[in-house]
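The values are calculated or read from the model by the stated rules, or taken from the named source; none is laboratory data. Values in this document were obtained by computation on a predicted structure and should not be read as measured data. Neighbour counts are summed over all protein chains in view; Cβ atoms, including those assigned to glycine, are modelled from backbone coordinates with ideal geometry.
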Amino acid sequence: MDKLADFLKYSNLFFYYKNLFSKKQKIYLELYFEEDYSFSEIAEEYGVTRQAVFDNIKRGMKQLDDYENKLNIYKRDLDLKDRLLELRSSFTSEELERIITELGFDEEE
């Protein structure tokens, strides 16, 4: 994977799992992934070394991988979106009626 693909992957994972991080780590990751701060800018803002920020971000990325490997929320969401797009392109009113009936919804209710 290239740098941009990695950045997008972890940005998306962070969107799903951000509330599982400690306050400090969440702030660093938000600045990096959502506000496009560099390691140096984050370090300057919080009075720490660039290396400390780098280590914190890398540790956060590993945690994001661990969360996704265990919970698969992001992958399931992507799969669901793919299935919905697939359905959208081939959906008929008969299929919709069948699904509504299977779900137990009636027009009279």
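Tabulated values for the structure
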item	result
Single match in 67, 16, 37 (criterion: modelled with pLDDT of 95 or more, assigned to a loop (DSSP other than H, G, I, E, B) and out of contact with any Gly (no Cβ under 8 Å at 6 or more places or on another chain))	37
Subset tally (residues that are acidic (Asp, Glu) and farther than 16 Å from residue 30 by Cα) for the range 41-71	3
Residue match in the range 46-61 (condition: of a type in the set (S, T, N, Q), exposed (fewer than 10 other Cβ atoms within 10 Å of the Cβ) and in a helix (DSSP H, G or I))	no
Residue list for the range 62-104, restricted to those being exposed (fewer than 10 other Cβ atoms within 10 Å of the Cβ) and more than 25 Å from the chain's Cα centre (by Cα)	89, 90, 92, 93, 94, 102, 103, 104
Members of the range 70-97 that are among the hydrophobic types (A, V, I, L, M, F, W, C) and either part of a helix (DSSP H, G or I) or under 18 Å from residue 8 (Cβ atoms) (or both)	71, 73, 78, 80, 84, 85, 87, 96
Residue tally, condition under 15 Å from the mean Cα position of the chain (by Cα) and without any contact (Cβ under 8 Å) to a residue 40 or more places away in the chain, over the range 16-59	8
